[in-house]
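Presented below is the structure to which this report refers.
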């Protein structure tokens, strides 16, 4: 009974924290338009430099841009919280609830961002995808995976000086395995026939995501204490 | 004296055994590999050593988080550095081997790349440490990162290498070793000699460095 009550309370706290992030985003409209401008100008430079690339290059560029979008979009989530505000959250909620709300918000933000950058890619760099719907699903899977890793790294980097730069330094080696898997998975989306091995790779990626969420829940309380 | 240092003597004996039998012992004649197969005792043993050192490092990081004892942080750091040293040696011995079997020191093989990435993850650990000046915060944040990095090491060097094609032996199943290539006599050098010998040497180097760090720490606290 008690556990059940606690469960309901922590879900409502997560929702409240999530709402707060969403509301801030809607009022300030900083991340969304900032990243949108960033993606648009990067893709424009890419178009000027190479025109409409082939499928393999297109796919490589897409994941590269996703990586940079993710760093920029997620970095804000912990940097915006000042010392005082963190102390306030510490006093009203648990560490697990706080990190879960951040993971949730960033995953949703990246879902939106990946859809937008996919649209811009198709608009400016052409559309080499034989199966667009399948690639949308893969890009969602990829962007959620990236956002989970970078959310936790943002939490680490926020504790150090020069956090924004540090996040990229910590994150890039760590996400290479994921990007490699995503690249392999999207190869399959670019092929005309569905090939074997897709299910296995998606399972590994999802397993990795579960592991990252679990580690964030376990380790974040230690980062939080000061 | 003997009770404390028996493992150092064992380490020297094992390494002498490994090097003597590694260079003089019998090896099966394999095409392409030829005599380079002897590198097994050095190259593969380095990765075993690296994994052991990284594992000890992460154990000390977990201990630090539960005890807040700064000595544990020094242990974690030095074991991670030892692991990085062994990883670098593994890459170097591997690329020398690759030069004579695959034709180039570096051929962008997925397993070469992922091993290099695994080392980059640990270089990031050292950079993260250096980015903070507050001792307590530095220890705690880098312990958290160390645990996270160790968990990410498994997909990088154990899971994904099994899923991609590579020049490296041991395609499906074991990511690094193809046990059909070596015979009983090589096994007798590799498992009892090379793997524990090099690992003990790594631990020895690390314990020396830890003693040095603890002395430096002590000197600082007495100033």
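Structure values in brief
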{"item": "The range A:164-186, subset within 11 Å of chain B (Cβ to nearest Cβ) and surrounded by fewer than 19 Cβ atoms within 10 Å (Cβ to Cβ), residue modelled with the lowest pLDDT", "result": "A:165"}
{"item": "Residues located in the range A:153-163, provided they are within 7 Å of chain B (Cβ to nearest Cβ) and not in a loop (DSSP other than H, G, I, E, B)", "result": "A:156"}
{"item": "Residue in the range B:114-146 that is farthest from the other protein chains (Cβ to nearest Cβ), counting only those that are within 20 Å of the chain's Cα centre (by Cα) and over 17 Å from residue B:85 (Cα atoms)", "result": "B:142"}
{"item": "Count of the range B:96-113 residues which are within 12 Å of chain A (Cβ to nearest Cβ) and more than 17 Å from the chain's Cα centre (by Cα)", "result": "1"}
{"item": "Tally of residues being assigned to a helix (DSSP H, G or I) and free of Cβ contacts under 8 Å to residues at least 12 places away in the same chain across the range A:113-146", "result": "6"}
{"item": "Residue within the range B:76-88 that is at the interface with another protein chain (Cβ under 9 Å from one of its Cβ atoms), surrounded by 18 or more Cβ atoms within 10 Å (Cβ to Cβ) and farther than 23 Å from residue A:176 by Cα present", "result": "no"}
{"item": "Residue match in the range B:59-78 (condition: in a helix (DSSP H, G or I), within 13 Å of the chain's Cα centre (by Cα) and touching a residue at least 24 places away in the same chain (Cβ under 8 Å))", "result": "yes"}
{"item": "When residues of the range A:194-213 are limited to those that are at the interface with another protein chain (Cβ under 9 Å from one of its Cβ atoms) and either part of a loop (DSSP other than H, G, I, E, B) or free of Cβ contacts under 8 Å to residues at least 60 places away in the same chain (or both), the one farthest from residue A:130 (Cα to Cα)", "result": "A:211"}
{"item": "Answer residue from the range B:150-160, given it is within 7 Å of another protein chain (Cβ to nearest Cβ) and at pLDDT 90 or above and is nearest to residue A:205 (Cα to Cα) among those", "result": "B:152"}
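Yes or no, residue by residue, for (1) exposed (fewer than 13 other Cβ atoms within 10 Å of the Cβ); (2) within 13 Å of the chain's Cα centre (by Cα); (3) modelled with pLDDT under 85; (4) under 30 Å from residue A:183 (Cβ atoms):
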{"position": "A:22", "(1), (2), (3), (4)": "no, no, no, no"}
{"position": "A:30", "(1), (2), (3), (4)": "yes, no, yes, no"}
{"position": "A:33", "(1), (2), (3), (4)": "yes, no, no, yes"}
{"position": "A:36", "(1), (2), (3), (4)": "no, no, no, yes"}
{"position": "A:42", "(1), (2), (3), (4)": "no, no, no, yes"}
{"position": "A:53", "(1), (2), (3), (4)": "no, no, no, yes"}
{"position": "A:63", "(1), (2), (3), (4)": "no, yes, no, yes"}
{"position": "A:67", "(1), (2), (3), (4)": "no, yes, no, yes"}
{"position": "A:74", "(1), (2), (3), (4)": "no, yes, no, yes"}
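The values are calculated or read from the model by the stated rules, or taken from the named source; none is laboratory data. Here the structure is a predicted model, which means the values were calculated and not measured. Cβ sites come from the backbone with ideal geometry, for glycine too, and all protein chains shown count toward neighbours.
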